[in-house]
Amino acid sequence: MSKRDYYEVLGVSRNATDQELKSAYRKLAMQHHPDRNPGNQEAEDNFKELNEAYGVLSNADSRARYDRLGHAG
């Protein structure tokens, strides 16, 4: 299974600012948080995917590497 584009996961454009990334992440994290969706495996998987995407895109160096190389970076 191939991974979804991190920008798509967060629902932002590739030229989104750090503040836009943070805002989108917080909104989606609250929506999919396992504590708010007990027993919902899909919500837990989405939450993990959000954390991974935000972890890469919130760091300037890893975001630049991701923009150049995609998931292979």
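The values are calculated or read from the model by the stated rules, or taken from the named source; none is laboratory data. Bear in mind the structure is a predicted one, so any value in this text is a computation, not a measurement. Counting neighbours? That spans all protein chains shown, and the Cβs are built from the backbone with ideal geometry, glycine included. Quick note on the areas: whole protein, heavy atoms, side chains included, nothing else; ligands and nucleic acids left out. Shrake-Rupley method; radii C 1.70, N 1.55, O 1.52, S 1.80 Å.
Here are a few things to note about the model shown:
- Taking the chain as the region of interest, the helices (runs of 4 or more DSSP H) fully inside it that hold 3 or more residues being among the hydrophobic types (A, V, I, L, M, F, W, C) are 18-32, 41-57, 60-69.
- Looking across segment 28-45, just one residue is among the small types (Gly, Ala, Ser) and under 12 Å from the mean Cα position of the chain (by Cα), and that is Ala29.
- For segment 55-66, the tally of residues that are out of contact with any Phe, Trp or Tyr (no Cβ under 7 Å at 6 or more places or on another chain) and farther than 14 Å from Asp18 by Cβ stands at 1.
- The single condition among (1) open to solvent by 40 Å² or more (accessible area, probe 1.4 Å); (2) over 10 Å from the mean Cα position of the chain (by Cα) that Lys48 does not satisfy is (2).
- For segment 1-45, the candidate set comprises residues that are more than 17 Å from Ala60 (Cα to Cα) and of a type in the set (Lys, Arg); within that set, the residue that is least open to solvent (accessible area, probe 1.4 Å) is Arg4.
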